[in-house]
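Student: Take this structure, written in structure tokens, and hold onto it; I'll ask about it next.
The values are calculated or read from the model by the stated rules, or taken from the named source; none is laboratory data. Just so it is clear, the structure is predicted and the values come from calculations on it, not from any experiment. Note that each Cβ is placed from the backbone with ideal geometry, even for glycine, and that neighbours are counted across all protein chains shown. Accessible surface is based on the protein model in full, side chains and every heavy atom, while ligands, DNA and RNA are left aside. Shrake-Rupley method; radii C 1.70, N 1.55, O 1.52, S 1.80 Å.
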Amino acid sequence: MVSAWHLLTDINHYDGQATTTMMLNDKRQAQCRTFLHQRGLDPQSLSPLIQDASFRRYFRLSDTDTDRPILLMDAPLEFEDVGQFAKIARHLTAVGLKAPEIIDFDQEYGFLLLEDFGDDTFTRLIAAGTNDTSLYPLAVDVLIALHSHPDATAIDLPLYDRNLFIQEALLLTDWYAPVIRNNTTSTEMRHSYISIWQEILDSLPEPAHSLVLRDFHVDNLMRVPPGIGTSGCGLLDFQDAVIGPMAYDLVSLLEDARRDINPNLVVSMIQRYHEAMPLLEIENFRSWYHVLGAQRHCKVAGIFIRLLLRDGKSHYIRHIPRVMHLLEQKFNMPELLPLRQWLDFWLPERNQPLPDFKADAIRQLIGIGDPESQLPQT
């Protein structure tokens, strides 16, 4: 039988093929064995799960002595913080939402044992035939429950401030623009882009704030039986949570970079949210919803190129046309006229198909090395 340790990989699925891009080195294997042995768990029982866009890796423990399934999260300290994940998970549970129970963790080495919710992500359920009109209302109700809870922000987390907002938006100029233009991003181009976002932010009212999970979409939501109401929606991938504009997670859910959503469903879900939040100033929320959407689409376009060039993860680039289409839809909003004008001047090629480029040449253009040299060495 092949040891599970020979299967510890970051698997990229693209054109039906899987490529191994990460292997746990000997030191990391030893650290993991020690972590598990100290807790009476058998490393040979690990089964790897397909990985996401992060540096985290997950493994299912298949023969524990407990009655509940357990996952091992491998999150190297230089890339992730399992202590932060545990803190936010416990806070979400405290405000009545369904985050995985934290069983144990080692913050120094970056290992965490957590409750296994199974395999029923909303994405998989929809792919298997579940009507998304039964899942999106549940996801929106989770946001309603979170945003209306008086203790939602009673946790020490970073603020989603102007600096972070603009740094994320710069992923467009730093990663996407060089690829689509086949040219470096000049200092003038970058500075003018920053100025545009500052102008847009200056035009907005102060937003309503809450706990923002930041990756709230169907890939990170799970049906967890036998939960009733929001307790039936399990939450994943919230370790980067911040305190910020309340509209962010609703945008993340309804303007998903990875899948098309019926526009009528989007309208009805926004209405569902608004009707449940009667004290919310609607025009304020509306302005932030669209500006956050545009910023997120700029960011995600850059992230998907970065995943290819820096991390060797190629399957995300197929979503870029959808991302750019979502961005273009924002330009009928007066708040975003400066961004449209900037893009028309500096990036008129933005909606063209991605060029047939040689990845090595683009990496050199952006100033990074081969993805193999970017992998964590822990």
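Student: Would you check if there is a residue in segment 71-86 being within 18 Å of the chain's Cα centre (by Cα), in a helix (DSSP H, G or I) and surrounded by fewer than 19 Cβ atoms within 10 Å (Cβ to Cβ)?
Tutor: Yes, there is a match, as at least one residue in segment 71-86 is within 18 Å of the chain's Cα centre (by Cα), in a helix (DSSP H, G or I) and surrounded by fewer than 19 Cβ atoms within 10 Å (Cβ to Cβ).
Student: Looking at Ala30, Ala94 in this structure, which one is at pLDDT 90 or above and loosely packed, with under 13 Cβ neighbours inside 10 Å?
Tutor: Working: Ala94 fails: loosely packed, with under 13 Cβ neighbours inside 10 Å.
Checking each option against the conditions leaves just Ala30.
Student: Looking only at segment 152-174, which residues are among the β-branched types (Val, Ile, Thr) and open to solvent by 30 Å² or more (accessible area, probe 1.4 Å)? Give the steps one after another, and end with the answer.
Tutor: Filtering segment 152-174 down to residues among the β-branched types (Val, Ile, Thr) leaves 153, 155, 166, 173.
Within segment 152-174, just Thr153 meets the criteria.
Student: Same structure again: Restricting attention to segment 300-334, which residues are under 15 Å from Thr173 (Cα atoms) and in contact with an Asp or Glu (Cβ under 7 Å, 6 or more places away or on another chain)?
Tutor: Across segment 300-334, the qualifying residue is only Gly302.
Student: Here's another thing I want to ask about it. In the set Leu337, Leu326, Leu280, Leu308, which member is open to solvent by 10 Å² or more (accessible area, probe 1.4 Å), in a loop (DSSP other than H, G, I, E, B) and among the hydrophobic types (A, V, I, L, M, F, W, C)?
Tutor: Working: Leu337 fails: in a loop (DSSP other than H, G, I, E, B); Leu326 fails: in a loop (DSSP other than H, G, I, E, B); Leu308 fails: in a loop (DSSP other than H, G, I, E, B).
Matching residue, one of Leu337, Leu326, Leu280, Leu308: Leu280.
Student: Can I ask one more? Go through (1) part of a helix (DSSP H, G or I); (2) open to solvent by 10 Å² or more (accessible area, probe 1.4 Å); (3) within 21 Å of Ile305 (Cβ to Cβ) and name the single condition Glu188 misses.
Tutor: Evaluating Glu188 over (1) part of a helix (DSSP H, G or I); (2) open to solvent by 10 Å² or more (accessible area, probe 1.4 Å); (3) within 21 Å of Ile305 (Cβ to Cβ) leaves (3) as the failure.
Student: From the set of residues in segment 193-240 that are surrounded by 16 or more Cβ atoms within 10 Å (Cβ to Cβ) and hydroxyl-bearing (Ser, Thr, Tyr), which is farthest from the chain's Cα centre (by Cα)?
Tutor: In this case the residue turns out to be Tyr193.
Student: Thr130 - would you say it is outside any helix (DSSP H, G or I) and either of a type outside the set (Lys, Arg) or over 23 Å from the mean Cα position of the chain (by Cα) (or both)? Show your work before the answer.
Tutor: Numbers: outside any helix (DSSP H, G or I): yes; either of a type outside the set (Lys, Arg) or over 23 Å from the mean Cα position of the chain (by Cα) (or both): yes.
Taking the combined requirement at face value, the residue satisfies it.
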